[in-house]
Amino acid sequence: MKIKSRIITAIITIISISAYPQKSLLWEISGNGLTQPSYLYGTMHMVCAEKAQLSEGLKNAIKASKEVFFEIDMDDMNEMMGALKYARMTNGLKINDLVSPEEYNRLDAYFKQNKSPLPLSMMAGFKPYFITAMIAEGIIKCSKKTSLEQIIMEEAKKDDKSISGLESIEFQASLFDSIPYEKQAQDLVMYVDSIESFKKLTDETIAMYYKQDIDSMDSLMIKSDPGTAQFMDLLLYNRNLRWADQIPEQAFKTSTLFAVGAGHLGGEKGVINLLRKKGFTLKPLKN
């Protein structure tokens with residue numbers, strides 16, 4: 001399970017800033033000395049199983065690529081199974097140390113009312129954003145959910161494609177140690193207290209994703225939590241800058257499909273624009 005990537009997605013939602021009018025999640029990378037194209041695809045880390053089919057365009061991009069890169073190496077079982085060890089706060093704090101008794105009771109009641117597989121007491125030492133991610137996953141309206149990256153990886157492995165990652169789970173976990181736990185805890189309380197609003201925003205975001213309307217998603221992120229904006233460099237933009245260096249390095253080696261959260265693609269600071277600034281041609285493909 002791609003736990004840490006889900007956390008990042010849950011906290012920053014899916015972020016795109018309007019820059020290019022073409023509506024597509026699938027892009028071809030070419031030019032600037034590349035002898036063969038590579039591909040960039042915007043994922044949504046958790047989707048309803050019945051909507052997890054891959055388009056013919058994406059299948060063709062997988063077949064045309066020699067390797068597939070995700071945010072993390074999903075084929076490394078040691079890393080994937082070790083993800084939970086990064087879920088706990090590093091200083092021994094617990095949720096009840098960070099919120100008032102009344103706030104804790106509201107959180108506890110939410111988990112009980114929604115029949116959570118884990119009671120809040122068993123997650124008391126988890127980073128609050130980890131708990132927020134679990135709630136965010138739970139409010140997606142479908143009986144069965146699946147990881148879109150998992151579906152892509154299974155398709156890639158049919159043709160023995162090599163699987164790799166741009167980051168490690170340890171690195172992704174470290175991002176949340178850079179955000180004060182007190183801030184995370186207050187965001188968690190706000191999320192639960194405003195859960196109906198977040199359900200609506202989640203529905204709107206998912207609808208926009210399936211319309212491939214990445215240009216409309218930024219406003220939803222801002223509505224969901226204006227306070228998160230102060231951490232956008234940490235959670236999003238600095239990572240985009242690193243990827244904009246890593247992607248060409250790999251693309252010059254061999255044709256590669258890069259499948260990352262759709263929120264990383266758009267906008268002035270998005271991966272698409274950063275690659276264009278480096279001289280590459282980014283062309284939207286039918287998806």
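Here are the numbers for the structure shown:
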{"read-out": "Relative contact order (%) - criterion: Cα under 8 Å, at least six apart; region: the range 109-215", "value": "41 percent"}
{"read-out": "Of LYS23/LYS269; LYS145/LYS286; LYS23/LYS141; LYS85/LYS144; LYS211/LYS277; LYS63/LYS283, pairs whose Cα-Cα distance is over 20 Å", "value": "LYS145/LYS286; LYS23/LYS141; LYS85/LYS144; LYS211/LYS277"}
{"read-out": "Rel. contact order, % - alpha carbon contacts under 8 angstrom, at least six apart, the chain", "value": "44 percent"}
{"read-out": "Out-of-range pairs (alpha-carbon distance over 26 Å; input LYS158/LYS253; LYS157/LYS278; LYS115/LYS200)", "value": "LYS157/LYS278"}
{"read-out": "Distance between the range 58-77 and the range 254-271 - C-alpha centres, whole angstrom", "value": "13 Å"}
{"read-out": "Coil-residue trypsin sites (Lys or Arg not before Pro) of the range 62-121, DSSP, other Cβ within 10 Å capped at 13", "value": "LYS115"}
{"read-out": "Of GLY261, LEU40, PRO248, farthest towards positive along the dipole that unit charges on Lys, Arg, Asp, Glu beta carbons give the range 3-284", "value": "LEU40"}
{"read-out": "Proxy reagent accessibility, fewest Cβ within 10 Å first, across HIS264, HIS45", "value": "HIS45, HIS264"}
{"read-out": "Listed residue (SER143, MET190, LEU166) projecting farthest to the positive dipole end of the range 3-284, Cβ model", "value": "SER143"}
{"read-out": "Order of PHE252, PHE126 under a 10 Å beta carbon neighbour criterion, fewest first", "value": "PHE252, PHE126"}
{"read-out": "Student exercise, the chain dipole from Lys, Arg, Asp, Glu Cβ charges, in Debye to nearest 20", "value": "520 debye"}
{"read-out": "Shape call, the range 110-184: gyration tensor on alpha carbons, a/c limit 1.5", "value": "oblate"}
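Bear in mind that the values in this text are calculations on the coordinates, not laboratory data. Computed from a prediction, not measured in an experiment: that's the story for all the values here. Heads up, the Cβs are rebuilt from the backbone with ideal geometry, glycines too, and the neighbour counts pull from every protein chain shown.
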